[in-house]
1. Hey, can you tell me all the residues within segment 41-67 that are in contact (Cβ under 8 Å) with a residue 12 or more places away in the chain, in a loop (DSSP other than H, G, I, E, B) and of a type outside the set (Gly, Ala, Ser)?
2. Filter segment 9-37 for residues that are in a helix (DSSP H, G or I) and either touching a strand residue (DSSP E or B) at 6+ places or on another chain (Cβ under 9 Å) or small (Gly, Ala, Ser) (or both); which is surrounded by the fewest Cβ atoms within 10 Å (Cβ to Cβ)?
3. Somewhere in segment 114-126, is a residue among the polar types (S, T, N, Q), in a strand (DSSP E or B) and in contact (Cβ under 8 Å) with a residue 40 or more places away in the chain?
4. If I filter segment 91-128 down to residues being polar (S, T, N, Q) and surrounded by fewer than 18 Cβ atoms within 10 Å (Cβ to Cβ), which single residue comes out as nearest to residue 46 (Cα to Cα)?
5. Looking at 150, 139, which is the one that is loosely packed, with under 15 Cβ neighbours inside 10 Å, in contact (Cβ under 8 Å) with a residue 60 or more places away in the chain, outside any strand (DSSP E or B) and among the hydroxyl-bearing types (Ser, Thr, Tyr)?
6. Tell me yes or no: at least one residue of segment 55-77 is under 14 Å from the mean Cα position of the chain (by Cα), under 21 Å from residue 158 (Cβ atoms) and not aromatic (Phe, Trp, Tyr).
Amino acid sequence: MTDPSTVCGVSLVGLPAGTLGRVAELGPYFAVSTGSVVEPGWRPVPALYTDRAALAGLVGRVRVRLGVGDGRVAASILVQGHAARLWSLSLGTWFHAGLVPDLHPDVLLWRDEDGSVRLHLERAQGWAGGHLEDVLAGTVLGEHLAPMITAVHRLGPLSDRLPWGNAASALLGAAQHRGAPRRGAPPPQLLFVLPGARRRPVR
């Protein structure tokens, strides 16, 4: 997947004041907290993908919260929820500001809230320029979903189609959210390559 910093013609800039607040008004999956961390329990996002015990515990809490008996279903639902937050925050910021937020794992924190992943950005920055679809795909797919799904596979047997299919559904749901403004939206020919899924435009 593409490293955003290697995409030609893009640069990292500060997000306009109030952007993330307006994006959060679209719904809970579009929300992210920012600034200095004062609440306990926040961890760097890479830990979610590398700490087997933490991930297994999170999957277990998803099972309890949703009342599902199959750990594979709970793991897939966890991936879908995490993907929905990443896609929604990214597309919502693009819709509102014409920028793709910088969601690099090094600046993104996570916290477990009863089997749901809440996100926090240490700094509110975004990528500006052309080829933002490459930046978005490289960040969400390459830096987050691919390592998370790999980590989920380490917990036990799971078909690739289930988590990647849920990630695709989360993308379409975020792109088609009824509250998302159309002005300044990504071009309709925007394409994402999801493993196990057919290439299709987001409209």
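Every number here is computed from the coordinates shown, using simple stated rules; none is lab data. The model shown is predicted, which means the values in this text are computed figures rather than measured ones. Glycine also receives a Cβ, built like all others from the backbone with ideal geometry; neighbour counts cover every protein chain displayed.
1. Within segment 41-67, 42, 45 meet the criteria.
2. Among them, the one singled out is 21.
3. Taking every residue of segment 114-126 in turn, at least one turns out to be among the polar types (S, T, N, Q), in a strand (DSSP E or B) and in contact (Cβ under 8 Å) with a residue 40 or more places away in the chain.
4. Per the criteria, the residue is 116.
5. Going through 150, 139 in turn, the sole match is 150.
6. yes
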